[in-house]
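Participant: Got a structure for you, questions after.
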C-alpha cells in the first residue's frame, strides 16, 4: 500500500519549546472492516508514536541521524492491530540532533532555529478495496509532554506532576530543503537489557549502582516518592582512584535523568535521549537503594551479528568483548566517536580505521551505505570531505586518514561483501576527493588541520594531539594509498579517465626526496613512520628494511607499541606480513602500558580513547578528552580474524567467493577460533595446540573456492569440515 507522507504537512511548535518534548495529536474515526493500515512518519529531531495508548513499532531514536540539509529518513509501521473505529494518535517529538546546531541556518526560516517538527501519514485499506488517509495538517493539536527536557548531551527530565496548558492548534510549515527517503539502514533498536550488579557506597558518601558493563543506551528504573520528590540519576563510566564517582570526562554534558514523582509508584525508561555509562550516581534515594530496581538497555543499530572470536586466553576474550561493546555503543545510526560526552560525532577517521573489524563483527553494509550517503551530501563542491559526517555543524576542513574514509570504507565494504553497488554509488565522491588531493597538493599536505598519528604515545602528554610522526609525511603516505584505491575502483567499474597511478608515483617520489636521507634511509624514526611506509607501499623494495627498523623500535620501547589512531590498526599486520608474527603476538598479549590489554587491569569493559585513560597510579588522563568508550583501537580485532585465525577474502573474487585460510599460531595460546557468516554461509578457522601437535579445523561453505596454507604448505579445501593435524 502506497504511503502519502509527501502529501502531509510539517507540524512545528508555535513558539520556542526550550528543549521540551512536544506532543502532536489527533482523534480520528475509521470504518470497522480494516484490511490493513500503516503509519509513515519522520521528524526534524527524534519522534515516537502511540496509537490508542500503545507504542507503535520497536524503533528507537527515529527517524535516525542524517545530513539534515539534504536528507531525512522516514519509517513505515504496520498499525493494523492497533486501530479501532475511534482512535487517538500521539506523536511525541524532541529536538534531538537538530537541537545541537542552533547557530547554523540549516532550515527554512519559518521554523525557529534548533526547534523540532514532525510529519506523518496514516494509510488505511478496507476489505472492499477502498482507502482512507489521515495526514498531519492544521487539524492536529499540540501540547507539551511530561518529558520537560530532552537533549542528546544533557539527558532527559520527566515530570509526572506536569499538566500541559490547554492544547493549541498545530502550526503547519513549509520545509522544502531536504528529501524524505525510506529508511536506508537497519533502524536503531533496544537490544540487550542489563540489570545492575552492585550497589556501592563511595568514600564520599555517594549512592552508586554499577551495571558491570560500559554501554550506550536507555536507563530504566523503578521508584516511589512523595508528590514533587526529585530523583536524579547521573551517568559515569568509571570511579576514581579513591573509589568515588567520576564524570569529569563528560565535559559540559550533564548526562542526567531527572524524574519528578507524582506520589505514585512508577517504572520509567528514557526514550528520547541515550546515554553512555556504566555507573549511575543516585540522588533522592536517601540510602534506600535496591539494585533490582535498575536496568540499562543497550541501544544500537540493529545489524546482524556475523563474526565471533574465542580463545584460551581470558584476557584476549575480554579484549574481544570490549571491541564488541565499543562497536555497539558507537554504532547508533552513525559511527560516533564516543557515546557519553558533549560530542557523539561521526568522526571519519575513527570509522575508517575500524571499518574492516566492524564489518567482520557485524553486517555493516547498510549501516555504512547510509552514512556514505550523508558523506556524499556533505562533500564540499571542490571535493573536500569534512572530518565529521553528518556535517550539520558545517565544518569545512579535510584531513588525511579522516577524509580518506570516503575511499577506504567503500573499498573495504566491496571486498568484504562483494557488491559493486557500493563502489558505483560512491565512485564520483571518491574520484572528486582524489582530484582535490592532486589539485591542492602541498597546501593540503602541509595543512595545520592534519591530525597526524592522533594520540600516539611517542611524545609527551602536552603534545598528545598530533603524535610524534611528521604530519606532512603521514598525509602524503595516506594519499598514495587513497589514489591507488580509486584507481582499483575504476578498474573494477571499467571506468576510464580515473587512473591515478602516475600521481601516486609522483607523491612517492616527493616522499623519498623529502623524508629519506642521502643513504635512502627514512629520517622519521617512529613506529608509525615505518608502519605507514609499509602499509601505504611507499617503497615496497625497502619493506624488509622498514620492518627491521620497526622491530628495533618496538624492542627499544620494551616490546610495546607507541602508535596512535593511524599507526595502531596496521602495526600487527605489517609485522606479521614481514615475518615477525611472534613479535606481533607479543604486542597483542602485552599487559604493560601502552597496550591493548593494559586497560583490562583498570577494569575496562570497552575500548579506550587513550592508552592510559586511567594511569598506572590510578589518576586520570586529562578531562579534556578521555573517553572510556572509543572504538578506534578495537581495529586490532581484524588482525585476529585475518592473521591469527587466517580468514581472508581474495580481491579477485571478493565477498568471500574465494577464500584463503592461513592461520598463524602462537605457543602462548593453546586455542583460538574465529567464525564468520558470509553470503555463502559459515566460514570457520580453529586451531589447538596440544602437546607436540596442532590441530586445525576449517569449515568452508558451499559455492566458494577455498584453499589453506597450513604451516607453509598449501592445501585445497572442500565444502564442509576440513581437519589437519601437524605433529612436531
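Participant: What is the helix-to-structure angle for 471-493, meaning the angle in degrees between its Cα long axis and the longest Cα principal axis of the chain, kept from 0 to 90 and rounded to the nearest 10?
Facilitator: On a 0 to 90 degree scale, this one is about 80.
Participant: Distances longer than 24 Å among the Cα atoms of the range 299-445: what percent of all pairs is that?
Facilitator: Values: 3566 of 10731 pairs.
Summing the P(r) of the range 299-445 above 24 Å gives 33 percent of all pairs.
Participant: I'd like the distance between the alpha-carbon centres of the range 630-706 and the range 9-44, rounded to an integer number of Å.
Facilitator: The range 630-706 and the range 9-44 have Cα centres separated by 50 Å.
Participant: If we count other beta carbons within 10 Å of each Cβ, what is the order of 224, 138, 536, fewest first?
Facilitator: Numbers: 224 13, 138 10, 536 22.
Going from least to most buried by this count: 138, 224, 536.
Participant: What number, rounded to the nearest 500 deg cm²/dmol, is the helix-based mean residue ellipticity at 222 nm of the chain, given -39500 (n - 2.57) per DSSP H run of at least four residues and division by all its residues? Don't skip to the answer; put the middle values down first.
Facilitator: Working: 11 runs with 162 residues, N = 728.
Rounded to the nearest 500, the figure is -7500 deg cm²/dmol.
Participant: Still on this structure, I have one more. Just want the ordering: 184, 89, from fewest to most Cβ atoms lying within 10 Å of their own Cβ. Let's see the in-between values first.
Facilitator: Working: 184 17, 89 24.
Taking fewest neighbouring Cβ atoms as first place, the list is 184, 89.
Participant: Please state, to two decimals, what the Cα-based radius of gyration of the range 437-542 comes to when divided by 2.2 N^0.38 Å (N = residues). Don't skip to the answer; put the middle values down first.
Facilitator: Values: Rg = 14.8 Å, N = 106, 2.2 N^0.38 = 12.9 Å.
Dividing the Cα Rg of the range 437-542 by 2.2 N^0.38 Å gives 1.14.
Participant: Just to confirm the number: angle between the C-alpha axis of helix 365-378 and the first principal axis of the chain, 0 to 90 degrees, nearest 10?
Facilitator: 80 degrees
Participant: For the range 647-727, just the Cα atoms, rotate onto the principal axes and tell me the three extents in Å, largest first.
Facilitator: Result for the range 647-727: principal-axis Cα extents of 37, 22, 21 Å.
Participant: Let me ask another. Angle check, please: helix 314-330 long axis (alpha carbons) against the longest principal axis of the chain (alpha carbons), in degrees 0 to 90, nearest 10.
Facilitator: Tilt of helix 314-330: around 50 degrees.
Participant: For the range 362-415, what D do you get in µm² per second when you plug the Kirkwood radius from alpha-carbon pairs into Stokes-Einstein at 4 °C and 1.567 mPa s?
Facilitator: Details: Rh = 11.5 Å.
Approximately 113 µm²/s, per Stokes-Einstein.
Participant: Where the centroid of each part is defined by its Cα atoms, how far is the range 347-407 from the range 510-544 in Å?
Facilitator: A separation of 28 Å, based on Cα centres.
Read-outs throughout are calculated quantities, based only on the coordinates presented, and are distinct from any laboratory measurement. Bear in mind the structure is a predicted one, so any value in this text is a computation, not a measurement. Note: ideal-geometry Cβ built from the backbone for every residue, glycine included; neighbour counts use all protein chains shown.
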